[in-house]
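Working notes, structure below.
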Amino acid sequence: MSIEVAVIPAAGRGTRMRPATRVVPKALLTVIDRPAIQYAVEEAARAGAREAIVVVDLDAGHLVAQHFSLEGPLPGLEGVRVRPVVQEEALGLGHAVFEAREMVANRPFFCLLADNLVRPGHDVLPALAAGSDHGRTSVVCLRPLDDDMLSRYGVVATASDVEEGYVELSGAVEKPGPEKAPSRFGLVGRYLFTPEIFEHLEKAEPGVGGEIQLTDAIDALGRAGRLRGWVAPVDMLDTGTPEGLLQATIVLGRHRFGDTIDDVR
Ligand code: G1P
């Protein structure tokens with residue numbers, strides 16, 4: 001079964017990217033010639049999604065929506081319907097995803113955090129779909145993390161060995177730090193969810209930072225035995241920090257322009 005819808009939370013204000021994000025929303029920061037969020041929509045489209053639900057905030061959401069609608073569809077995205085939904089209050093990532101519930105309408109869906117971009121040639125969504133029992137099991141993308149990253153990412157608890165990249169999961173903890181981390185496998189911003197996630201998000205209490213955490217609903221899926229992981233073979237790019245954005249620009253730029261920019265010193 002192909003996954004036809006993707007949810008892309010884009011309401012974050014990007015505090016780690018100030019002052020660039022004082023006016024411009026984080027999702028619209030440019031990497032080479034297009035905003036970060038466009039890469040995420042293109043990635044979802046490559047995996048077969050025909051609808052991208054972009055969760056935006058009240059202040060700057062119209063800019064994100066306009067990017068995809070002004071002057072007609074973007075080249076390469078003609079077959080993709082980009083639908084904005086407004087998150088009226090900044091109550092957390094889990095709340096942002098919950099705002100897409102009506103539009104998702106009981107279908108399995110990809111969820112992509114635009115802070116994390118895939119490296120060229122290393123798409124991960126097809127592997128999530130392949131491990132999802134035809135869209136009946138949620139599958140999250142994982143990477144092994146160094147200790148210092150365990151307080152920056154959600155970290156999962158494993159319930160099996162890793163086989164051919166897949167691993168059964170029994171829970172997840174948001175930003176646990178090295179002492180409390182249940183494993184070394186971190187959530188890296190690519191997910192395939194069954195609509196069950198909404199039942200858990202609806203019940204979710206504020207977690208780390210007083211926010212409704214997506215990771216807490218993922219934990220509930222794991223505790224119910226309804227969660228699998230897929231360990232990606234290479235790291236993602238992270239556009240959420242200045243160094244990460246620079247690295248993403250260099251990696252994607254070298255791929256795009258090849259040797260012509262070898263002269264950068
Ligand atoms: C979010 C999620 C976290 C995940 C991370 C991936 O955190 O809450 O579980 O590991 O994205 O980038 P944020 O980066 O918004 O603090």
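Taking Val167 as the residue in question, decide whether it is within 19 Å of the chain's Cα centre (by Cα) and more than 13 Å from the ligand (Cβ to nearest atom). Walk me through it before giving the result.
On the way: within 19 Å of the chain's Cα centre (by Cα): no; more than 13 Å from the ligand (Cβ to nearest atom): yes.
Answer is no for this residue.
Inside the stretch 220-257, can you point out the residues that are under 18 Å from Leu192 (Cα atoms), within 18 Å of the chain's Cα centre (by Cα) and away from the ligand (no atom under 13 Å from the Cβ)?
Correct list: Leu221, Leu227, Arg228, Trp230, Val231, Pro233.
Do any strands (runs of 3 or more DSSP E) lying entirely in the stretch 42-125 carry at least 1 residues that are in contact (Cβ under 8 Å) with a residue 60 or more places away in the chain and within 16 Å of the ligand (Cβ to nearest atom), and which ones are they? Outline the logic, then answer.
Details: elements: 51-57, 81-87, 109-112.
Correct list: 81-87, 109-112.
Right, Leu187: within 13 Å of the ligand (Cβ to nearest atom), under 14 Å from Glu99 (Cα atoms) and at pLDDT 95 or above or not? Give the derivation first.
On the way: within 13 Å of the ligand (Cβ to nearest atom): yes; under 14 Å from Glu99 (Cα atoms): no; at pLDDT 95 or above: yes.
Answer is no for this residue.
Kindly indicate the residue of the stretch 175-192 that is touching a helix residue (DSSP H, G or I) at 6+ places or on another chain (Cβ under 8 Å) and of a type outside the set (D, E, K, R) and also farthest from Val5 (Cα to Cα) among those meeting that condition.
The initial filter retains those residues of the stretch 175-192 that are touching a helix residue (DSSP H, G or I) at 6+ places or on another chain (Cβ under 8 Å), namely 175, 178, 186-187, 190-192.
So of that shortlist, the ones also of a type outside the set (D, E, K, R) come out as 178, 186-187, 191-192.
On the way: Pro178: 35, Gly186: 24, Leu187: 20, Tyr191: 12, Leu192: 10 Å.
For the stretch 175-192, the residue satisfying everything is Pro178.
So, in the stretch 32-42, of the ones that are out of contact with any His (no Cβ under 8 Å at 6 or more places or on another chain) and crowded, with 22+ Cβ neighbours inside 10 Å, which residue ends up farthest from Cys111 (Cα to Cα)? Can you show your working first?
From the stretch 32-42, those out of contact with any His (no Cβ under 8 Å at 6 or more places or on another chain) are 32-34, 36, 39-42; that's our starting set.
Imposing the further condition that a residue be crowded, with 22+ Cβ neighbours inside 10 Å reduces the set to 36, 40-41.
Values: Ala36: 15, Ala40: 10, Val41: 10 Å.
Here the answer is Ala36.
The values are calculated or read from the model by the stated rules, or taken from the named source; none is laboratory data. Just so you know, these numbers come straight off a predicted model, no measurement behind them. Methodologically, a virtual Cβ is constructed for each residue, glycine included, from the backbone with ideal geometry; neighbour enumeration extends over all protein chains shown.
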